[in-house]
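Student: Here you go, one structure.
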Amino acid sequence: MRAVVFETPGIENLKIMDMPKPKPGPGEVLVRVKYAGVNPVDYFTINSKNARPIPHIPGAEFSGVIEEVGPGVGGVNVGDEVVIYNRLFDGTCRYCLMGHEELCVNSGLIGVVTQGGFAEYAVVPTTNALKVPKGVSLDEAATLPVGALTAWHMLNRAEVHPGEVVAVFGATGNVGSYAIQFAKLRGAIVVAVSRRADRVRQALMELGADYIVTPDDVKQVINELSEGLGADVVVDAVGQSTWNLSFSIVAKYGRWVTAGALTGGDVTLNLPSLYSREVLVIGSTGGTRAELRVLLNLLSKRRIRAPIYTKLDLERVKDAFDIMFKDENRVGKVLLTP
C-alpha cells in the first residue's frame, strides 16, 4: 500500500513508500482510508522522536470504509463507513470509567504511538471506529476527530452560555473554525481574532462570527461589546504568541481555555491578575467518544458545517503542511486523499 513514511524526524524526511498492507488482529478492523486531516499534531509527531513504530506513518485524523474485521469483532461490519476516534484507551482506568477516555492513564494517539492514517489502509481497535450516519460524507467526517472534537470539548469545559462574549484566537485554524460555530450554537456573541481578518472576513462570517478583528483591534472591540468588562470566555489554542493579549481581555469571573501550544508552551502568569479577577484558566485535551457522536449527529442535521479548504493527494503531503501554516487565505481543514 502507498503511505507517507518517515524514518528520521523532520518534514523534509517524509517520503511516499510501499508498505505492507496491515492485517487486523483480535478486536481490530482494517480501514481503507478515504480522507485524512492534516493537523499540527501530525507536524509535531513528524518532527519529534516520540513516534512509534519506526518507520512511521503519521496521521491522527481520518475516515474510511471497513474492509476487514479481526477475530472477536462485533458492532461493525465490512463496508461500514467510519470515522476514527483517535485516542487509545483501556476502558478500565478511573478516567475511562468516568467517561473521559481522553484522560486514560494508558492512553496514546493513533498516528503517534501506532501507525496512522496517511496511508491507503490503517488498522484500529474496533472501539475507535464510529459509524458515520447518513447525511454525513466521509470528507466531512474526517474533519471532526481533532479540530472539531477539541473545540467542542473546550467549549464544554468553559461552559459557554447564551449572550456571553466569546473571543476565539486562531479563528481560521482547525480548532478555531469549529469553535466559532460551537460558540454561536450556544447563543454567544462571537469575536473571531485573526491577523488575516481582512482576507478571511466573509468565510468567518459564514461560520457564525459576529465580529472579525485583528489582534491589534480585539481589545477595543471587546471593551465596546462588554462596556469595558472584558470577554466572558477566551478560546486560545495558539499558545505563547497570543497568551499575554488573550489573557488580558478576560473579564472578572471569566474563563480562559486552551487545548494547544502551537507557538510555544512557556508563558508567564501574573498571579495577582489571576486571583484579583477570579479568572478560571482551563486546560482541555481532545474529547470523548460520546462528544464525537454528538458532533456526527449535529453534522447530519446540518446544524454545523465542516469547513474544508482543500484536498490533496498523498504525494503532496509537504504542500499540505505549507498550506496549513502559510496560506493566507486558508479557513478550515486541509485533507489528504489516499
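The values are calculated or read from the model by the stated rules, or taken from the named source; none is laboratory data. Nothing here was measured: the structure is a model prediction, and the numbers come from that model. Every residue, glycine as well, gets a Cβ built from its backbone with ideal geometry; the counts of neighbours run over all protein chains shown.
Student: For region 21-33, does any single residue satisfy the condition of being modelled with pLDDT of 95 or more, farther than 28 Å from GLU140 by Cα and out of contact with any helix residue (DSSP H, G or I) (no Cβ under 7 Å at 6 or more places or on another chain)?
Tutor: So far as region 21-33 goes, yes, one or more of its residues are modelled with pLDDT of 95 or more, farther than 28 Å from GLU140 by Cα and out of contact with any helix residue (DSSP H, G or I) (no Cβ under 7 Å at 6 or more places or on another chain).
Student: Taking region 167-189 as the region of interest, how many residues are over 19 Å from the mean Cα position of the chain (by Cα) and not in a loop (DSSP other than H, G, I, E, B)?
Tutor: 1
Student: Starting from residues that are assigned to a loop (DSSP other than H, G, I, E, B) and either touching a helix residue (DSSP H, G or I) at 6+ places or on another chain (Cβ under 6 Å) or not assigned by TED's automatic domain parsing to the domain that holds ALA171 (or both), keep the ones in region 197-214 and report whichever is surrounded by the fewest Cβ atoms within 10 Å (Cβ to Cβ).
Tutor: Among those residues, the one meeting the criterion is THR214.
Student: If you take the residues of region 237-281 that are in a strand (DSSP E or B) and aromatic (Phe, Trp, Tyr), which of them is nearest to ILE180 (Cα to Cα)?
Tutor: Looking at the filtered set, the residue picked out is TRP256.
Student: When you scan region 101-112, do you find a residue that is more than 19 Å from the chain's Cα centre (by Cα), modelled with pLDDT of 95 or more, buried (at least 24 other Cβ atoms within 10 Å of the Cβ) and over 30 Å from GLU224 (Cα atoms), even just one?
Tutor: no
Student: Counting just the residues of region 98-113 that are of a type outside the set (A, V, I, L, M) and in contact (Cβ under 8 Å) with a residue 40 or more places away in the chain, which one comes out farthest from GLU61 (Cα to Cα)?
Tutor: Out of the qualifying residues, it is GLY99.
Student: Pairs only if they're at least six apart or on different chains, beta carbon under 7 angstrom, first in region 162-176 and in contact (Cβ under 8 Å) with a residue 40 or more places away in the chain, second among the charged types (D, E, K, R); list them, first residue then second.
Tutor: Pairs that qualify, where the first residue is in contact (Cβ under 8 Å) with a residue 40 or more places away in the chain and the partner is among the charged types (D, E, K, R), are GLU164/ASP232; VAL165/ASP232; VAL166/ASP232; PHE169/ASP236; THR172/ARG196; THR172/ARG330; ASN174/LYS333.
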